[in-house]
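To keep things clear, I will list the structure first and then write my remarks on it.
Values in this text are rule-based calculations from the coordinates and carry no lab data. This one's a predicted model, so the numbers in the text were calculated from it and none came from an experiment. Using ideal geometry, Cβ is built from the backbone for each residue, glycine included, and neighbour counts are taken over all protein chains shown.
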Amino acid sequence: MNISNPIAIDMNITEMIFTSNTVGFATIAKATSNNLIIKTKDGGINWYFVPVNNPNTNYTINGIAFSNGIDGIAVSEESYIYRTKDSGNTWNLVATKLPLFACQYATPAVVCAVGEEGIIYRSTDSGRTWLSVRSPTTYDLESIIFLTPNEGFAVGGDETVQDGAGVIIHTIDSGKTWVQIPNLNTLVLQQIAYYPTNKKNLIAVGDYNTIIRSTDGGITWTTVYGPKGESFLYGISFANEQTAVAAGSRNPIFITTDGGQIGIL
């Protein structure tokens, strides 16, 4: 089935990534097993459903990641982990764990997934099998990145705390062990991002238009914007070392053109 505009057929997109200039994927909230992941091969002009092997229905894939454009992982808040070995053309259920919100490869073999109440799962065989990893937090973890094959960060928070409380955790051994960044005074964080040519400059975004930034590789963080207003920022992406765009609910779009000084677009 080809889709010229997924939004027009009432889909809620939870994640979107591109593995090349032309090939991309989007994941869908509260969908049936045949309508969980859509793929484009022409830079986003046309989209089509790809098969996901799971008999259950009405669930949400929140995270998707690829190691090389061929091998990929997707995770759901209903506890499922899926794997593709054919460039995302088909997906098979490989594990049932706890609710998961994001995943990321450290190496082609090592991949981590994070989720509810601080849970962390790690695979060392490209996602075939998974083991739990001790977490330094009980807060939900919403996003994960790896700067290098060894170093990575995950962010999240607890919205049950008054006004919410954010958390950032850090690994330097490919996700085997994690520590919490201390003295972090922020609201719940939804995503963290960086540009590959400058691993010192990190930006995380979250609830009530919160934007925080690190210029020392994640050791210390300062608030760039917020908390302000009622909007939540759910995503941020770098176009180049200096330019990044953050977006979320209620139509806010923030842009920086100097690596972190944020303005409203």
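Taking the Cα centre of the chain as the origin, how large is its charge dipole in debye, to the nearest 20, when only Lys and Arg (+1) and Asp and Glu (-1) carry charge on their Cβ atoms?
Charge dipole, the chain, about its Cα centre: 500 debye, nearest 20.
Take the residue pairs 97/199; 39/85; 41/199 and return only those whose Cα atoms are more than 24 Å apart.
97/199; 41/199
Need one word for segment 14-116: rounded, prolate or oblate. Basis is the Cα gyration tensor (sqrt eigenvalues a ≥ b ≥ c); a/c below 1.5 gives rounded, then a/b vs b/c decides.
It comes out oblate by the Cα gyration axes.
With a/c under 1.5 counting as rounded, go ahead and sort segment 77-133 into rounded, prolate or oblate using the C-alpha gyration tensor (a ≥ b ≥ c being the square roots of the eigenvalues; past the cut-off, prolate if a/b is larger than b/c, else oblate).
Oblate, because a/c is 1.5 or more while a/b does not exceed b/c.
Semi-axes, largest first, in whole Å: what does sqrt of 5 times each Cα gyration tensor eigenvalue give for the chain?
Taking √(5λ) for each eigenvalue gives 27, 22, 18 Å, largest first.
Could you work out the relative contact order of the chain? I mean the mean sequence separation of Cα pairs under 8 Å and 6+ apart, divided by the number of residues, in percent. The partial results should precede the final answer.
Working: 772 pairs, mean separation 21.5, N = 265.
Reported relative contact order: 8 percent.
Dipole of the chain (Lys/Arg Cβ +1, Asp/Glu Cβ -1, origin at the Cα centre): which of 239, 40, 188 lies farthest to the positive side?
With unit charges placed on the Cβ atoms, the residue in question is 40.
Over the C-alpha atoms of segment 168-265, what are the Rg and the largest Cα-to-Cα span, Dmax, in Å?
13.0, 40
Can you list the equivalent-ellipsoid semi-axes of segment 76-195, largest first and in whole Å, using the square root of 5 times each Cα gyration tensor eigenvalue?
24, 16, 12
Mean-square fluctuation check for the chain, GNM, Cα pairs under 10 Å: which of 191, 104, 180 is largest?
In this elastic network of the chain, the residue with the biggest mean-square fluctuation among 191, 104, 180 is 180.
Select from segment 197-265 those trypsin sites (Lys or Arg not before Pro) which occupy a DSSP coil region and have at most 10 other Cβ atoms within 10 Å, ordered by residue number.
250
Report the trypsin sites (Lys or Arg not before Pro) located in segment 118-191 that are in a DSSP loop and have at most 16 other Cβ atoms inside 10 Å of their Cβ, or state none.
128, 134, 176
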